[in-house]
Amino acid sequence: QVQLVESGGGLVQPGGSLRLSCTASGNIFSTLAVGWYRRAPGKQREMVAFITSGGLINYASSVRGRFAITRDNAKNSVYLQMNSLKPEDTAVYYCRATRGYNVYWGQGTQVTVSS
């Protein structure tokens with residue numbers, strides 16, 4: 001079983017930056033594909049950024065060029081650097097990890113972009 005813990009959310013002004021962290025338990029982290037998802041109020045959950053175990057990366061078009069996902073296998077962690085934040089980025093951000101048919105979710109961290 002893998003447990004995921006997100007951190008780094010908070011309140012930030014438009015144009016500001018935040019860095020989210022997702023740390024996993026266990027010793028299989030390097031074999032996991034990890035993604036960041038978000039759910040805004042009244043909207044469906046959407047994929048924000050994704051990184052495979054081999055380092056392949058994909059971004060939602062709405063965040064490409066502003067967000068960057070990285071991973072540090074030595075620290076069992078994946079990070080989401082969010083720059084040039086907009087009010088429409090306000091959401092609960094979740095970390096999701098997969099390995100084969102196994103899917104793991106974190107509890108989420110709130111990001112609020114507001115002046």
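The values are calculated or read from the model by the stated rules, or taken from the named source; none is laboratory data. Here the structure is a predicted model, which means the values were calculated and not measured. Here the Cβ positions follow ideal geometry from the backbone for every residue, glycine too, while neighbour counts run over all protein chains shown. Calculation scope for accessible area: heavy atoms of the full protein, side chains included, ligands and nucleic acids excluded. Shrake-Rupley method; radii C 1.70, N 1.55, O 1.52, S 1.80 Å.
Run the numbers on the chain and let me know its relative contact order in percent, using alpha-carbon pairs under 8 Å that are six or more apart.
Details: 275 pairs, mean separation 42.2, N = 115.
RCO, the chain: 37 percent.
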Magnitude of the Cβ-charge dipole (Lys and Arg +1, Asp and Glu -1) of segment 61-115 about the Cα centre, nearest 20 debye, reported as 180
Given Cβ charges of +1 for Lys and Arg and -1 for Asp and Glu, the option among Gly108, Ser62, Leu11 whose Cα lies farthest towards the positive end of the dipole of the chain is Ser62
Normalised alpha carbon radius of gyration of the chain [divisor 2.2 N^0.38 Å]: 1.00
So, for the chain, what is the accessible surface per residue at a probe of 1.4 Å, expressed in square angstrom? 53
Using a 1.4 angstrom probe on heavy atoms only, work out the carbon and sulfur share of the accessible area of the chain in %. 47
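When the dipole is taken about the Cα centre of the chain, and only Lys, Arg (+1) and Asp, Glu (-1) are charged at their Cβ, what size is it in debye, to the nearest 20? Can you show the working numbers first?
On the way: 12 positive and 5 negative charges, 24 e Å.
Roughly 120 debye for the chain.
For a test of the definition: using alpha carbon positions, the gyration tensor, and the 1.5 limit on a/c, classify segment 32-90 as rounded, prolate or oblate. Don't jump to the answer; show the numbers that get you there.
Numbers: a/c = 2.08, a/b = 1.73, b/c = 1.20.
It comes out prolate by the Cα gyration axes.
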